[in-house]
Amino acid sequence: MKEQNFISNSEEETEEIAYNIAKKTSVGTIVALRGNLGAGKTVFARGFARGLEIDDIISSPTFTLVKEYQIDKLNWLYHLDLYRISDADSALIFGIDEYMNDPNAIVLIEWPERIDELFLSGTVFIDITRTGDSNRVIKLSLKNPENL
């Protein structure tokens, strides 16, 4: 898959874009969600969870680091927020590798730049860039897609 760009003019559109991406995301995928504070990462996460048919209230796990949501009887969505993690070593001490290596989960990671060296080929990167009060450019790309 080549890089794809989406334009969002509202939170609702951001959620809808995320919803549609989630519908095409298979279990075992890591989604790295990048963007500045206020870019809309949690809004994206809400739409993404809805696309996986998760009805729970989705909020950022900034203080808990991870929230777990059951997709079905076997599969999970792990929503991680690494804002308070300083680097990959700290994340490994926290046990991030257990989440990232779970074959029965989709892992959605906010602030992934803290652990860039841990991402393998096939990681889906979502970059959200504010272009106005309600406007966003959402870019989807894969890490080293030629190695898949």
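Bear in mind these aren't lab numbers, they're just calculated from the coordinates by the rules spelled out. What you are looking at is a predicted structure, and each value in this text was computed from that prediction instead of being measured. Because the Cβ atoms are built from the backbone with ideal geometry, glycine has one as well, and the counts that use them run over all protein chains shown.
Below is a table of values for the structure above.
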read-out: Pairwise centroid distance, computed over Cα atoms, of segment 22-99 with segment 121-137, Å; value: 15
read-out: Relative contact order %, the chain, counting alpha carbon pairs below 8 Å whose residues are six or more apart; value: 34
read-out: Burial ranking of peptide ranges 50-61, 6-17, 107-118 (average Cβ count within 10 Å, highest at the top); value: 107-118, 6-17, 50-61
read-out: Difference of contour (0.36 nm per residue) and Cα-Cα distance, GLU68 to GLU12; value: 17.8 nm
read-out: Charge dipole (debye, nearest 20) of the chain; +1 at Cβ of Lys and Arg, -1 at Cβ of Asp and Glu; value: 260
read-out: Residues of segment 80-98 with amide N under 11 Å of the 7 Å Cα→Cβ point at ASP56; value: 80
read-out: Extended-chain gain in nm, criterion 0.36 nm per residue less alpha-carbon gap, LEU92 and LEU142; value: 15.7 nm
read-out: Listed residue (ILE7, ILE58, TYR78) projecting farthest to the positive dipole end of segment 1-121, Cβ model; value: ILE7
read-out: Computed [θ] at 222 nm, deg cm²/dmol, the chain (DSSP H ≥ 4; -39,500 (n - 2.57); rounded to nearest 500); value: -7000 deg cm²/dmol
